[in-house]
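**Q** Attaching a single structure in structure tokens format; questions to follow.
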Amino acid sequence: METEYREKISCLDLTRQHQQIKDEVFKAFERVYDKAAFSGGPFVEQFEQDFAAFCDTEYAVGVNNGTSALQLAILALGIGEGDEVILPANTFIATAWGISYSGATPVFVDCTADTWQIDVTKIENAITAKTKAIIGVHLYGQPFDIDGVRHICERHNLFCLEDAAQAQGAMYKNVTVGTSGDMACFSFYPGKNLGACGEAGGITTNNAGYYKHLLSLRNHGSEVRYYHDEIGFNMRMGGLEAASLQVKLRHLPSWNNRRRLIARRYQEEITNLKVKLQVQPGWAESVYHLFVITTENRDLLLQHLHEQSIVAGLHYPVPCHLQKAYKHLNYQPGAFPNSEYLAQHCLSLPMYAELSDEEVSYIIDVVNTY
Ligand SMILES: *Cc1c(COP(=O)(O)O)cnc(C)c1O
């Protein structure tokens, strides 16, 4: 039964969430405004404390976006020119940027065919004498095999970073992600599960040394004002962003639960055999930042959805190793078959907490009639 929907169902509609919490957020903005605490300052510190408590880590450092979080984490590990860092080929490109900014070389490995997460069995082949770290990505909100990656890191004396940009609140073996590596990097881009009213990012760690170094790096390499111990950056988080994040963090558990409910309905009620879903190992509890499916003829399904006013997304149409920006690394098509298959056949169904039950039913009907 397909109801007539005149209005489009978009892949992500941020206006609904922001209408719901407008009063709360505006009150928080007013407090920042009245103190003129726009850059760094008490609201950022409060959010850092709240977020560290949420992740159950000792420390959290707020920065201006998730890409900076990755860049500073790589720098804090002392990684630079001549070094190599391993990461999955199927991720948002920013996972690789921090490595490249430092002068190090990203070394890609394939994902598995079913979980679409970094294939732990393929990592050791990519390790060389230059390898310094592995970045795992909790892609689409689903944790990667953290213990698998950590064991390899321990065996080869490598650092372990989590790219948790898409996974605020996801659980790995009943532990919230962001605590298991040397550092974890988060994005609070507006479209993420926890997104600022603006651009923001953060790093969590249990290591006091990294924490101190990150505070300096984000603030012109300075601990004492106007005394600069190293070449640093201006990558502070803004006060308005921090205040909006503090409000939204309180809602995050219920928003994530709602995403899980929607995901469960997709998983149980999409019965179309032409559609494949991401496989979730028992130890992974996703927060469904995205709900990605694959199908042999993606263009046909995209068109079918489009005709029924459903806007799907593509995350991501080109794997990192085949991006023009990394042409100089000389990867060839066919190097990572699972990542390349995913890029050519993936499609993201609408996924956000404010989707109504009726809309979810409608999306399921439309997918099933393809
Ligand atoms: C969003 C994202 C980033 C970058 O975060 P920004 O805040 O947009 O800079 C990094 N890695 C992954 C996996 C992401 O999804």
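The values are calculated or read from the model by the stated rules, or taken from the named source; none is laboratory data. Since the model is a prediction, treat every value here as computed from it, not as a measurement. Backbone-built Cβ (ideal geometry, glycine too); neighbour counts: all protein chains shown. To get the accessible areas, we keep the full protein, side chains included, count just its heavy atoms, and leave off ligands, DNA and RNA. Shrake-Rupley method; radii C 1.70, N 1.55, O 1.52, S 1.80 Å.
**Q** Counting only residues that are over 21 Å from the mean Cα position of the chain (by Cα) and on the phi > 0 side of the Ramachandran plot, which one in the stretch 13-72 is least open to solvent (accessible area, probe 1.4 Å)?
**A** Going through the qualifying residues, I end up with GLY40.
**Q** Being open to solvent by less than 10 Å² (accessible area, probe 1.4 Å) and in a helix (DSSP H, G or I) is the filter here, so list the residues in the stretch 113-144 that pass it.
**A** ILE123, LEU139, TYR140, GLY141
**Q** I'm told ASP56 meets every condition in (1) within 16 Å of the ligand (Cβ to nearest atom); (2) within 13 Å of ALA184 (Cα to Cα) except one. Can you identify the failing condition by its number?
**A** It fails just one condition, (1).
**Q** List every residue pair whose Cβ atoms lie under 7 Å apart, where the two residues are 6 or more positions apart in sequence or sit on different chains, the first residue falls within the stretch 276-296 and is in contact (Cβ under 8 Å) with a residue 60 or more places away in the chain and of a type in the set (S, T, N, Q), and the second residue, located anywhere, is within 16 Å of the ligand (Cβ to nearest atom) and assigned to a loop (DSSP other than H, G, I, E, B).
**A** Short answer, once both residue conditions are applied: GLN278/THR115; GLN278/TRP116; GLN278/GLN142; GLN280/GLN142; GLN280/SER286; SER286/GLN142; SER286/ALA170.
**Q** Every residue in the stretch 173-192 that is surrounded by 24 or more Cβ atoms within 10 Å (Cβ to Cβ) and of a type outside the set (Val, Ile, Thr), please.
**A** Narrowing the stretch 173-192 to residues surrounded by 24 or more Cβ atoms within 10 Å (Cβ to Cβ): 177-178, 181, 183-188.
Correct list: GLY178, GLY181, MET183, ALA184, CYS185, PHE186, SER187, PHE188.
**Q** Criterion first (more than 24 Å from ASP357 (Cα to Cα), within 19 Å of the chain's Cα centre (by Cα) and assigned to a helix (DSSP H, G or I)) does LEU245 satisfy it?
**A** In short, yes.
**Q** Looking only at the stretch 267-302, filter to residues that are under 27 Å from ILE146 (Cα atoms) and among the aliphatic types (A, V, I, L, M); which one of those is most open to solvent (accessible area, probe 1.4 Å)?
**A** VAL279
**Q** Taking the conditions exactly as written (touching a Ser or Thr at 6+ places or on another chain (Cβ under 7 Å), assigned to a helix (DSSP H, G or I) and modelled with pLDDT of 95 or more), does ARG155 satisfy them or not?
**A** Taking the combined requirement at face value, the residue does not satisfy it.
**Q** Is it true that ARG264 is open to solvent by less than 20 Å² (accessible area, probe 1.4 Å) and over 30 Å from GLY40 (Cα atoms)? Break it down stepwise before answering.
**A** On the way: open to solvent by less than 20 Å² (accessible area, probe 1.4 Å): no; over 30 Å from GLY40 (Cα atoms): yes.
The answer is no for ARG264.
**Q** Right, something else. Got a sec? Which of PHE92, PHE47 is assigned by TED's automatic domain parsing to the domain that holds ARG218 and closer than 30 Å to ARG264 by Cα?
**A** Going through PHE92, PHE47 in turn, the sole match is PHE92.
**Q** So, one more: For the stretch 162-177: of the residues being over 8 Å from the mean Cα position of the chain (by Cα) and of a type outside the set (S, T, N, Q), which is nearest to the ligand (Cβ to nearest atom)?
**A** Checking each candidate, the answer is GLU162.
**Q** Being more than 7 Å from LEU70 (Cβ to Cβ) and either among the small types (Gly, Ala, Ser) or more than 9 Å from the ligand (Cβ to nearest atom) (or both) is the filter here; which residues of the stretch 89-103 pass it?
**A** Quick first cut of the stretch 89-103, residues more than 7 Å from LEU70 (Cβ to Cβ) only: 89-93, 96, 99-103.
Of everything in the stretch 89-103, those that are more than 7 Å from LEU70 (Cβ to Cβ) and either among the small types (Gly, Ala, Ser) or more than 9 Å from the ligand (Cβ to nearest atom) (or both) turn out to be ALA89, ASN90, ALA96, ILE99, SER100, TYR101, SER102, GLY103.
**Q** When ILE203 is evaluated against the numbered criteria (1) away from the ligand (no atom under 16 Å from the Cβ); (2) under 30 Å from ARG16 (Cβ atoms); (3) surrounded by 20 or more Cβ atoms within 10 Å (Cβ to Cβ), which criterion, by number, is the only one it fails?
**A** With (1) away from the ligand (no atom under 16 Å from the Cβ); (2) under 30 Å from ARG16 (Cβ atoms); (3) surrounded by 20 or more Cβ atoms within 10 Å (Cβ to Cβ) applied to ILE203, the lone miss is (1).
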